[in-house]
Amino acid sequence: MRCVFVLNGPSLNLLGVRQPEIYGRATLGDIESECRVLGAELGLSIDFRQSNHEGVLVDWIQEARGAAQAVVINPAAYTHTSVALLDALSAFDGPVIEVHLSNVHKRDAFRRHSYVSLRADGVIAGCGAEGYLLALRRVASLLAD
């Protein structure tokens, strides 16, 4: 099985209770369960993680270099600020898909810039929790090519 790291940034541990009108009612646990089910169907092993700390996310991306064939990442607020995440992702050789629950282009102007997008092979925004599943389908397609 091919391994995919699904990495989640700050405050995503509060999904379902934090601004559900923007981020939806699904919890991160709900999303993880759905990813594991679809991953199994697609022949992907899912390593699902969340941290509020930028350095931890950098460490996990570096770990993925030897342990995973792809990275799906919702960098949350670090999307707009983290050159460190961009640098770590740039050192990863496999596919990278960036996911955002909300449509960042309909929100505050600062949310329209993503450092992560400079490395991402695809960006999925505004599809809610389904965005993670779309990302896994895209990863499976890219790994099959």
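Once a ≥ b ≥ c are taken as the square roots of the eigenvalues of the Cα gyration tensor of region 1-43, is the result rounded (a/c under 1.5), prolate (a/b larger than b/c) or oblate (a/b not larger than b/c)?
Here region 1-43 falls in the prolate category.
Report the charge-dipole magnitude of the chain in Debye, nearest 20, computed about the Cα centre from +1 at each Lys and Arg Cβ and -1 at each Asp and Glu Cβ.
Dipole magnitude for the chain comes out near 320 debye.
Kirkwood hydrodynamic radius, region 1-139, all distinct C-alpha pairs: what's the number in Å?
14.7 Å
A short reminder: the numbers here are calculations on the coordinates, not readings from a lab. Since the structure is predicted, the reported quantities are computational estimates derived from the model, not experimental observations. Every residue, glycine among them, receives a Cβ derived from its backbone with ideal geometry; neighbour counts consider all protein chains shown.
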